[in-house]
1. Looking at chain A only, what percent of DSSP beta bridges run antiparallel? Nearest 5 please.
2. In peptide A:116-129, what is the residue-averaged number of other protein chain Cβ atoms found within 10 Å of each Cβ?
3. I'd like the trypsin sites (Lys or Arg not before Pro) in the range B:23-56 restricted to DSSP loop residues with at most 11 other Cβ atoms within 10 Å, sorted by number.
4. Highest mean first, what order results for A:84-94, B:113-123, A:100-110 on Cβ atoms within 10 Å?
5. Give me the net charge for the shell around B:ALA29: Cβ to Cβ below 11 angstrom, other residues only, Lys and Arg +1, Asp and Glu -1.
6. What is the mean number of Cβ atoms from other protein chains located within 10 Å of the Cβ atom of each residue in peptide B:81-89, rounded to a whole number?
7. If one takes the accessible area of chain B alone plus chain A alone and subtracts that of the pair, with a 1.4 Å probe, what total in Å², rounded to the nearest 100, results?
8. With the full set of protein chains in place, find how many percent of the accessible area of the range B:2-141 is carbon and sulfur; take the probe as 1.4 Å.
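The values are calculated or read from the model by the stated rules, or taken from the named source; none is laboratory data. Please read all numbers here as calculations on a predicted model, not as lab measurements. As a convention, Cβ positions derive from the backbone with ideal geometry for all residues, glycine included, and neighbour counts pool all protein chains shown. The protein model used for the area step is the full one, side chains on, heavy atoms only, and it has no ligands, DNA or RNA in it. Shrake-Rupley method; radii C 1.70, N 1.55, O 1.52, S 1.80 Å.
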Amino acid sequence: MKRRNVFKILISILFLILIGWGIIVYQIIDIKSKADFYGSVYEREALSFTLTDQNGSKVSLSDFKDKVVLLFFGYTHCPDVCPMTLSIMNNVVEELGDQADQVQVLFITIDPQRDTVAKLKSYIPYYNESFIGLTGTPEEIDKVADDYNIFYSKEEVESVSGYLMGHNSSVLLITPDGEIFLRYTQNRMDPVSIAGDIKRIL
Amino acid sequence: MGKTIIALILFFVLAQFSFAQDNIVISDAWVREVPPGTSMSAGYMTIENKAKNDDKLIGISSDVAESAELHISKVDENGVATMEMIKILDLPSGEAIELKPGGMHIMLIGLKESLVGKDSVRLNLNFEKSGEVKVEAPVKSSRSPTGGHNH
């Protein structure tokens, strides 16, 4: 009788321990799919690409294997949304402090006709010297935008500005293991919250 | 007698002038500093029509840009941002319209000089009824003070 009770207690303790471990393991596995990230969970493979940076060097996504990459598409003739986004990305990097070197901001132009290597050189480092601006041939840009599900189009408007570009302005967060994990649309651009997501992932 | 008449005329002229100035009230105006060599920038502000009558913003110009237009950025449900030009902005009596990043903005097209290091930019807003209103909009940096030196 007594032995049976001891056995029961031992089984119960073992059971509780197992549940505890289960919860811990579940949390570790599930940490990424939790819905309480500020960005919206996207979870798609970040396809590889190679483009030319503002110094004329070839840059591939795989160059940033151990970093969190913040990737977005824009153009330097963009007067409102793109400068705003670049400025916010600078705030995110500043917010990260010591961890800033574990993050890489990539800006891919969707207007390669006007955004040459030299143009990017005078534009991108202004916002933050660590930022990388990427351009390529129209075909290369088309391919990357397509791979990343980024719509863009040239818009001939009545404006005297020549042409403007309509484009997907979301910022994509790519994890060190090569997944587009989160997406930030223009209504989710709070730098402190974005930095919070990054700190959780790092 | 003559002096009184002149004073009266002066009073009415000045009163009218100050009244006209009060019709349109501009606040929180600023222009975004952009990297040297960039041809476009944007200006933001709140425009309030305090007059009893409706008014319209019919034109904008600036010394620093070849041209200035009112545009609105729109982001659709798929995250695609586009801009639309607003040729005439209606300003109903008593209403304030906010121009802000990611929304309505004054597009400065063909910058003639770099905005970096400039304190302010003069914007001339032309209203249908209130006439021209000059705004001295401070230039605000797009990066924080330590921007560009982050490692």
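1. On the way: 21 of 31 bridges.
Expressed as a percentage, antiparallel bridges in chain A total about 70.
2. Numbers: counts 0, 0, 1, 3, 0, 2, 4, 5, 1, 3, 12, 8, 8, 5.
For peptide A:116-129, the averaged partner shielding equals 4.
3. Numbers: sites: B:ARG32, B:LYS50, B:LYS52, B:LYS56; in loops: B:LYS50, B:LYS52.
Listed in order of number, the matching sites are B:LYS52.
4. Averaged packing, sorted descending, gives the order A:84-94, A:100-110, B:113-123.
5. Working: positive: B:ARG122, B:LYS134, B:LYS140; negative: B:ASP28, B:GLU136.
Combined, the nearby Lys, Arg, Asp and Glu give +1.
6. Numbers: counts 15, 9, 11, 5, 6, 0, 1, 0, 0.
Mean partner shielding for this stretch: 5.
7. Details: alone 9550 and 11360 Å², together 17920 Å².
Approximately 3000 Å², summed over both chains.
8. Carbon-and-sulfur percentage of accessible area, whole number: 54.
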